[in-house]
1. What distance in nm separates the two pseudo spin-label positions at Phe107 and Gln278, each 7 Å out from Cα along the beta-carbon direction?
2. Most exposed first by the Cβ proxy, i.e. fewest other Cβ within 10 Å, how do Leu190, Leu274 rank?
3. Sum up the charges of everything whose Cβ sits under 12 Å from the Cβ of Trp181, counting Lys and Arg as +1 and Asp and Glu as -1, but leave Trp181 out.
4. Cβ neighbours within 10 Å, averaged per peptide: list 160-169, 117-126 in order, most packed at the top.
5. In a Gaussian network model over the chain where Cα atoms closer than 10 Å are linked, find which of Leu87, Leu13, Leu104 has the largest mean-square fluctuation.
6. Between Ser227 and Met74, what is the label-to-label distance in nm when each label sits 7 Å out along the Cα-to-Cβ direction?
7. In angstroms, what radius of gyration and Dmax does the stretch 132-259 have, counting Cα atoms only?
8. If you take the beta carbon distance between Leu158 and Ile130 as r and set R0 to 30 Å, what does 1/(1 + (r/R0)^6) give as a FRET efficiency, to the nearest 0.05?
Amino acid sequence: MENLIAELKWRGLLQDMIPGTEAQLCKEPTAAYVGFDPTAESLHIGSLIPIIVLVHFQKYGHKPVALVGGATGMIGDPSGKSAERNLLDKETLDRNVAGVKKQLSKFLDFNADASNAAELVNNYDWFSTISFLDFIRDVGKNISVNYMMAKDSVRKRLESENGISFTEFTYQLIQGYDFYWLYEHKNCKLQFGGSDQWGNILTGAELIRKKANGEGFAFTCPLLTKSDGSKFGKSEGGNIWLDAEKTSPYSFYQFWMNTADADAERFLKVFTFLSEQQIADLVAQHKGNEHQRILQKKLA
């Protein structure tokens with residue numbers, strides 16, 4: 001099979017990787033998943049990176065699985081957060097999950113005829129049937145507290161003024177169980193996510209090793225920042241949404257047109273499917289003609 005990892009590398013979409021991941025993807029079509037947080041009815045521009053990586057998976061013959069966290073949305077993930085987040089009720093979550101699927105359908109082929117058709121799963125479907133006692137007996141005993149405490153996301157929150165609640169502390173076990181469940185029921189061998197998810201992802205691979213005597217593969221994508229160090233995806237007016245009702249097509253277009261020259265080449269690699277040669281040609285045209293904003297226009 002063609003080498004997807006090589007493609008992701010030159011595009012700057014690869015940070016950490018479990019050994020053996022590249023060999024697995026070159027060996028056979030593989031089901032791979034990433035989680036989306038259903039905290040709103042629409043995804044925002046920050047979700048574009050995982051969506052685009054899923055599209056690359058499908059283009060290379062692998063099966064993309066999009067997990068929406070109907071269960072985890074009720075808890076919250078401490079990774080990269082400085083405070084607890086608001087918990088959502090079931091009705092709001094269901095509405096958000098439906099909105100997310102509608103958006104993903106614009107990028108991924110969910111047509112069931114293809115062997116690598118995209119699939120949408122909701123972790124509420126398996127967590128809603130597990131009792132607390134079953135979970136701490138069957139899952140909790142496989143991962144030590146020392147292992148959980150060693151994770152950066154947990155340690156930072158433990159040292160912060162407000163600490164971390166037991167609810168959020170258990171988050172990595174729940175995300176880890178998602179990976180294990182998908183491995184067992186959907187033959188899903190790979191998980192990817194942003195670099196802030198590395199700890200949670202490794203917990204899943206550890207559960208697969210201990211509970212299923214299997215091997216889970218994974219990689220992370222770097223978190224995108226602008227050349228001035230600010231976080232990508234936030235504008236003065238807040239989130240840039242992937243929903244034309246929440247962010248107008250004009251504002252969406254302007255967001256990309258306002259990309260700094262220092263970021264434009266990198267963003268073309270990350271957010272488009274243009275080849276390495278096509279991007280190199282555009283960069284050459286742009287040099288010396290910066291006022292024409294050739295890269296920004298192509299990006300937008």
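Just so you know, all these numbers are worked out from the coordinates, no wet-lab data involved. Values in this document were obtained by computation on a predicted structure and should not be read as measured data. For neighbour counting, all protein chains shown are included, and Cβ atoms are generated from backbone atoms with ideal geometry for every residue, glycine included.
1. Distance between label points: 1.7 nm.
2. Details: Leu190 26, Leu274 16.
Taking fewest neighbouring Cβ atoms as first place, the list is Leu274, Leu190.
3. Numbers: positive: Lys186, Lys211; negative: Asp125, Asp138, Asp178, Glu184.
Local charge sum for Trp181: -2.
4. On the way: 160-169: 13.0, 117-126: 17.8.
Highest mean packing first, the order is 117-126, 160-169.
5. Of the options given, Leu87 has the highest mean-square fluctuation.
6. Using points 7 Å along Cα→Cβ, the separation is 4.7 nm.
7. Computed over the Cα atoms of the stretch 132-259, radius of gyration and Dmax are 18.7, 53 Å.
8. On the way: r = 27 Å, r/R0 = 0.89.
Once rounded, the FRET efficiency stands at 0.65.
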